[in-house]
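Reviewing the structure listed below.
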Amino acid sequence: MENDKYIEQIKKCLSADVENIELVSQTSNIVFKVQTKTYGTVYAKFYINRSSHIDNEMHLYGLINPKYLKEIITSSNNPKLAIFKELRGKTLDMLTPEEIREYKDNIVDSLIYFYETIGKSKAKGYGLLDENMNGTSPNFQDFIIKRQTDTQNVLKDYPILNNAFSQIIKKYGKLITEDNSLVPIDTNAKNVIVTESGEVKFIDPGELISAPILMGYGDFVAHTYKTELYDCLLERLKLSEDDKKRLHIYAIFSSLNVLAFLRKLGVENLKQVIPYGNKHTFYSLIVEHLKELGIE
């Protein structure tokens, strides 16, 4: 079997400690759930990078306090593999309203630390990163125009979604300024967990681009707009009026990209898709963002 080589590598890394190995994911990367005598349940992740993004999760351990990431038992570069301890807790979409109120300050403080600390590192170039952590676009505008135009074309059956990018560029193109910070762009509610001890950890943080830090916040807002977490974040950030507009713009871009991705997977009615941890649809949230920008 194709997976035998991965299983043998796991056994080699964990010695005779392995009791059972189960394949749990083989999309962008290959992930196994492993039962061990010493550590209990662990997860072995082979970084295959089958998606459009290179997974740079391991790079983050050198940039931020590792307490915000999964605990590594062992890792290797050839093959590129990391074995993590299991995290026990609830992802944000699983929290009750009462738990959101209890943990929201810690969640938002951790999120701000996460973005601002990683964002201190700069990349050469903009947009998607190559294997050397350099952006693959010559400037940020070039990246945005290509990425969102491709997305716009996928959403041609939905006039509001299809026209959103063009309207934003026409009215607010000057607000989309360049920056080459390293920015995580996959902080949906299933990728942030509150552990049983109340710590906040980012559990799949390796999708990075070279962009303004606000674009990362926009990704989070795409999923949390109209929730208490959004209200808390906005209060903490104390943004200028222009930056508030940028936050709405980047949230729209992120939402459109999610919907285009789902469309390519065969989802037919995009108006019904709801972000993890939210009660509103992406479609209705995009409309609300556009209203905030004065675009009807």
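Quick notes on this structure:
- Peptide packing: for 103-110, 185-192, the average count of neighbouring Cβ atoms within 10 Å per residue gives the ranking 185-192, 103-110, highest mean first.
- Loop-located trypsin sites (Lys or Arg not before Pro) across region 127-163 with a Cβ neighbour count of 16 or fewer within 10 Å are K156, with loop assigned by DSSP.
- Between N163 and L23, the FRET efficiency estimated from the beta carbon spacing at R0 = 45 angstrom works out to 0.60.
- Unsatisfied cross-links (Cα-Cα over 23 Å) in the set K156/K291; K11/K80; K122/K226; K120/K201; K124/K201: K122/K226; K124/K201
- Protection proxy ranking, peptides 243-255, 89-101, average beta carbon neighbours within 10 Å, highest first: 243-255, 89-101
- Its convex hull of Cα atoms gives region 89-292 a direction-averaged projected area, equal to a quarter of the hull surface, of 11.1 nm².
- Span-rule helices in the chain, defined as complete DSSP H runs reaching 27 Å or more along the axis (Cα) with Kyte mean at least -1.0: 97-118, 241-264
- Viscosity 0.890 mPa s, temperature 25 °C, Stokes-Einstein D of region 4-85 from Kirkwood C-alpha radius, µm²/s: 186
- Separation in nanometres of the label points that stand 7 Å from Cα toward Cβ, at E288 and T177: 2.8
We did not get these values from a lab; they are worked out from the coordinates using the rules stated. Because the structure is a prediction, the values reported are computed rather than measured. A quick note on method: Cβ atoms are made from the backbone with ideal geometry, for glycine too, and the neighbour counts reach across all protein chains shown.
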